[in-house]
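All remarks here apply to the structure that follows.
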Amino acid sequence: MNLLQTVIHELIKEPAKEGRPAKGPEIVPASEQLDVTNEPTVKLVESIKSLYGSKGNYSSQGSFDIDDTAQTFPINFSTFIDSSGEDELFLKLTLQTMDNLVKESRSKNFATGGYIVFAHYEQGGQNFFLVAMVKKKDGITLVNLKPETIQEVDLSKLHQAIRINISSYLTAMEYIAESKPTEGAYLSFISPVSNQGASGYFISAFGCSDAIAAKVATESAFAAVTYYFDSYEELRPLKSEANDITVNLFNELLQNEDEDGRICTLELLDEKIQALLVSNNITEMPESFSDVANREFVVPASFYPNKSAVTEFTRLKLKGLDGAWTLNFEKRVFGTDNNSDIQYVRPTSDSEGAIIIRHLSPDLIKLLNKEAGDGCTS
């Protein structure tokens with residue numbers, strides 16, 4: 001990583017507690033940027049960057065909500081990029097962003113502040129703009145061999161964060177200018193499950209919107225489960241059960257009447273998968289399912305399961321030539337062996353392909369006999 005620019009401001013905001021009034025929101029601004037060659041500064045940004053996308057810090061893909069004219073960050077960010085990253089405009093951008101955070105957090109009674117770390121860095125030939133909120137925590141030091149409390153920065157978790165791939169952002173802006181549809185997302189963010197929650201103000205201040213539709217996220221989750229269990233020999237026998245667990249979880253969430261209750265988190269899905277592994281005496285894997293799902297399949301940290309995606313995953317619909325007949329059935333009953341309820345017989349040089357349906361209900365047999373006209377009614 002080549003650190004180009006960085007600064008830290010503090011957002012003070014504390015909810016009211018017994019005997020203590022609420023504080024803020026207010027800003028404690030830095031007067032200047034940090035020295036990007038200073039070792040502790042570089043280590044701080046490296047630590048934050050390494051946490052991004054790790055377990056417990058999963059990101060969701062997104063973009064700026066171009067229809068939300070109330071948020072100024074997208075315009076301010078564009079001005080900074082057009083300046084080729086001038087130091088003066090970098091500091092101005094960070095202070096403008098802090099003003100947005102104050103504005104968005106004011107109505108959130110239980111929201112809390114923290115240190116807001118801004119970093120512009122280059123890695124792998126691409127430039128990134130990273131903003132993360134880190135919190136204070138109490139630590140212990142020894143003074144004259146006596147323990148005393150000190151305050152440290154908690155680098156175990158990113159409470160809120162956003163990262164913009166500047167190269168992808170510039171490409172997306174070119175497409176938008178030419179009225180072409182953009183492909184993929186140029187930013188990602190770490191946020192609470194619901195942006196309506198106490199800390200959702202952070203993402204709102206940047207004018208972000210979720211770029212991954214619920215249907216795509218659901219399809220990606222199914223693809224991740226299949227891939228994960230296909231990737232390890234010891235997991236392959238459990239693939240069908242893992243798919244069933246995923247389907248059951250999504251269907252359960254879809255039936256929840258509360259909107260927030262319908263949200264699926266990647267951590268929840270990971271817990272279900274891990275429980276299946278443990279029940280089969282598999283306790284250690286090279287990578288967790290959630291890490292693979294978020295990194296390889298871009299399954300967001302949280303999403304709403306999509307009913308049509310679940311149906312498409314669990315059911316198969318077949319149509320004959322010219323639509324003369326239709327079959328709609330659960331995929332679990334389909335196969336190529338003689339025990340399958342619906343068996344596919346592959347074509348050979350001597351015969352066409354065929355479908356055999358078994359285990360018919362008595363009522364269906366009665367109806368078919370009637371339609372066949374052979375006089376049989378039982």
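The values are calculated or read from the model by the stated rules, or taken from the named source; none is laboratory data. On a predicted model such as this, the values are computed, not experimentally measured, just so you know. Here Cβ is always computed from backbone atoms with ideal geometry, including for glycine, and neighbour counts include all displayed protein chains.
Things to note:
- Residues of segment 153-174 satisfying the condition of being of a type in the set (S, T, N, Q), crowded, with 17+ Cβ neighbours inside 10 Å and in a helix (DSSP H, G or I): S168
- Residue identified as crowded, with 16+ Cβ neighbours inside 10 Å, in a loop (DSSP other than H, G, I, E, B) and touching a helix residue (DSSP H, G or I) at 6+ places or on another chain (Cβ under 6 Å) among L34, L11: L34
- Residue list for segment 296-345, filter: small (G, A, S), surrounded by fewer than 13 Cβ atoms within 10 Å (Cβ to Cβ) and within 30 Å of E257 (Cα to Cα): S308
Table: residues versus (1) in contact with a Ser or Thr (Cβ under 8 Å, 6 or more places away or on another chain); (2) modelled with pLDDT under 90; (3) surrounded by 15 or more Cβ atoms within 10 Å (Cβ to Cβ).
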residue: E271; (1), (2), (3): no, no, no
residue: L276; (1), (2), (3): no, no, yes
residue: S279; (1), (2), (3): no, no, no
residue: I282; (1), (2), (3): no, no, no
residue: A293; (1), (2), (3): yes, no, yes
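- Test: residue in segment 109-125 that is polar (S, T, N, Q) and surrounded by 20 or more Cβ atoms within 10 Å (Cβ to Cβ): no
- Residue under evaluation F206, criteria (1) touching a residue at least 24 places away in the same chain (Cβ under 8 Å); (2) part of a helix (DSSP H, G or I), criterion not met: (2)
- Which numbered condition T6 fails, given (1) modelled with pLDDT of 85 or more; (2) assigned to a loop (DSSP other than H, G, I, E, B); (3) within 22 Å of Q123 (Cβ to Cβ): (2)
- Residue in segment 274-313 that is farthest from F334 (Cα to Cα), counting only those that are β-branched (V, I, T) and over 17 Å from the mean Cα position of the chain (by Cα): T283
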